[in-house]
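Just below is one structure, and these are the notes that go with it.
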Amino acid sequence: SAARRISRLAVGDTQMKPADEQFQPLRDPPSSFRRGQRNERVSPDLPFDSRGGLSFPYYFPLDAEYVIRIKLPANFTLGLENPPNYELRLPVKAGLRTVGVTFLRESAKVEAEAPPNRAAAPAVTGPPPPDPPPAQMDLRLDGARLKLFEVPRRGGGNNPDVGTVIIGGPYNVAGRGETPSRARIFVSRPTTPRDEEPAARTILSTLTRRAFRRPVTGADIQPLLAFYWRGRAERDFDHGIEKALTALLMSPDFLFRVEPDPPGAPPGTVYRLGDHELASRLSFFLWSSIPDDELLQLADRGKLQDPAVLARQVRRMLDDSRSQALVSNFVGQWLQLRNLATVKPDPETFSEFDESLRRSFQQETEMFFESILREDRSVLDLVDTNYTYLNQRLAEHYGAPKIYGSQFRRVAVTDPNRGGLLGQGSILTVTSYPNRTSVVQRGRWIMDNLLGTPPPPPPAVVPELMPHGQDGKLLTMRQQMEQHRVNPTCSACHSRMDPIGFALENYDAIGKWRAQDAGSLIDATGKLPDGTQFEGPAGLKKLLLSRYREDFASTVTEKLLTYALGRGLEYYDKPAVRAIAKKAAGNDYRMSALITAIVESTPFQMRRTPEP
């Protein structure tokens, strides 16, 4: 199903039926609307002076007509002296023509005042779009390549929001058009019927080499040509290529990273990967995608076995924008940042939490990690550094003054408790319960993700925390945990986790600084079983960078190697982890040194044939 859909979009299916696709802005809890938190720019794609609205990319698959319907809240102009204007922006040179509204010169910007007098779309042949409800603006577009449009809102009043944007089409199809995907696919064009098979063979050979990440043979192409001829008999040359592309996207050589063992190699044989297999490993590690032409060409010539060439490719790929995939995917897995999308802090306890804050949490951590990567800083800076990335929403949450606007910018950190990962709301939120902090979850998260020493699983039956003492007085989290540790079964693990978690108790369940818990001053001191004492986030970070410096660097190495290999590490990988960390230590654990050492390591470059 996915292969068919992708092939139709990439090639362009002139028999595509019109359909509607809806887009809605993220919704915040009602409490955030009452506080007016939506009175802001909601996306960096939107103009600086806008408030609310939404922005999204959309791929127009054909040269045809499309209808955009912008649904607004019912009766939204009631009680407003100056009803707000809505604005729709299209990319310059998007190849689009609008009908029914004013088109403004080179700016590719369409402005339309809100109803009651909406712009009417012209009549069309074929299935008409549904009759729109009253509070709505209609635009008809004739074109194929709109990448992004925005519906910001300007003006004062009650600040009503956009309800839904619906794109319908295609209508009155004029052709497949010339899209970037078609330009990449159709590297050859037949001029006569006799030229069709050679052109199809050239196209499929080019696509298959990219898809299979290796040189291709006639045995690879022949089955695809059979699919091509089947589609060609149904319709035209392009349709035949579409059918062959569908088959290509279903091939095991595309869906799996095939690393064939040497012919006749006995079980347990250790051997070095071929250049093409190494190119795939490198590309999926750094880009989460297939190798580009430069990497494949080097693999064709057997150059990737040269350490100097390999190191230059690592540097080139890290400098490429596609390495953003390493940031989002690795950070999402290692730091459990993916869980941020599903956490639901209790709206009664944390009424200030909304979608804007959730997105800001994630962007801060991703931009922070990306700065460590792009500036080739030491991974130790992840624990503590003197800067972060904030916008106004996040700065207000942290109590940082004089930061305005929804755009993120680099900000100097003077508070010793905020620098590094442990002071970021994303980490503090995913390690908390919906209605309170969790000393255990935060301590366990640090032991597992930063120190590489996860505690054993909890026993089958764990007694619940008692929020009140025997006198009925509300207990602080420390008092509840101290009461919990009286149980000998619980004490063994909690004596290691809890002191670490207590150091972060000044942060509430969504990362906001506080001085009190349950009406009492927070005691953020910790004491490890060996007697080592520390206090607060600043003391914990100091401890991590002094006593546990090598443990942290080794843990980052393990997590990054796991991500690079796509498998869990085994006991026999430990020497490789130590060797990688030792090599990176000579360059102060800089990101480039760590990644290059992983790429040069035995687990990354070698395989073992299966044992009996």
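Per residue, how big is the convex hull of the stretch 300-383 when only Cα atoms are used? Give it in Å³.
Expressed per residue, the convex hull around the Cα atoms of the stretch 300-383 is 130 Å³.
Along the stretch 283-289, what does the Karplus equation 6.51 cos²θ - 1.76 cosθ + 1.60 (θ = phi - 60°) give for ³J(HN,Hα), rounded to whole Hz, x for Gly and Pro?
Per residue, the Karplus-derived 3J(HN,Hα) values read 5, 5, 5, 8, 10, 6, 7 Hz.
Based on Cα positions only, what radius of gyration and what Dmax would you give for the stretch 204-306, in angstroms?
Here Rg and the maximum Cα pair distance are 16.0, 52 Å.
Give me a comma-separated list of calculated 3J(HN,Hα) values for the stretch 516-521, in order, Karplus coefficients 6.51, -1.76, 1.60 applied at θ = phi - 60°, integers in Hz, x for any Gly or Pro.
10, 9, 6, x, 10, 4
Using a 1.4 angstrom probe with every protein chain in place, what is the largest-first accessible-area order of Arg8, Arg436, Arg210?
From most exposed to least exposed: Arg8, Arg436, Arg210.
Leaving ligands, DNA and RNA out of it, work out the accessible area of Val440 with a 1.4 Å probe and give it in Å² to the nearest 10.
The accessible area comes out at roughly 40 Å².
Give me the distance between the Cα centres of the stretch 564-584 and the stretch 259-289, rounded to whole Å.
17 Å
Hey, if you drop one equal point scatterer on each alpha-carbon of the stretch 311-468 and run the Debye formula without solvent, what base-10 log of I(q)/I(0) do you get at q = 0.08, 0.09, 0.19 Å⁻¹?
So the normalised log intensities are -0.27, -0.34, -1.34.
Give me the accessible area of Glu65, 1.4 Å probe, in Å² rounded to the nearest 10.
Surface open to solvent at Glu65 totals about 40 Å².
Among Gly420, Leu382, Phe408, whose Cα projects farthest towards the positive end of the dipole of the stretch 377-438, with charges put on the beta-carbon of Lys, Arg (+1) and Asp, Glu (-1)?
Value computed over the given set: Phe408.
Binning at 10 angstrom from zero up to the longest distance, how are the C-alpha pair distances of the stretch 373-442 distributed in percent?
Over the stretch 373-442, the share of Cα pairs per 10 Å bin runs 18, 44, 33, 5 percent.
Where Rh denotes the Kirkwood radius from the mean inverse Cα pair distance, what is Rg over Rh for the stretch 227-377?
Rg/Rh for the stretch 227-377 comes to 1.13.
Tell me the carbon and sulfur percent of the accessible area for the stretch 498-612, rounded to whole percent, probe radius 1.4 Å.
So the carbon and sulfur contribution to the accessible surface is 49 percent.
Rounded to the nearest angstrom and ordered from largest down, what semi-axes does the equivalent ellipsoid of the stretch 408-451 get from its C-alpha gyration tensor (root of 5λ)?
Taking √(5λ) for each eigenvalue gives 22, 13, 9 Å, largest first.
Counting only the heavy atoms of the protein chains, how much of Ser406 is accessible to a 1.4 Å probe, in Å² to the nearest 10?
30 Å²
The values are calculated or read from the model by the stated rules, or taken from the named source; none is laboratory data. Since the structure is predicted, the reported quantities are computational estimates derived from the model, not experimental observations. Here the Cβ is made from the backbone with ideal geometry for all residues, glycine too, and neighbour counts use every protein chain on show. Side chains are part of the model used for accessible areas, which takes the heavy atoms of the whole protein and leaves out ligands, DNA and RNA. Shrake-Rupley method; radii C 1.70, N 1.55, O 1.52, S 1.80 Å.
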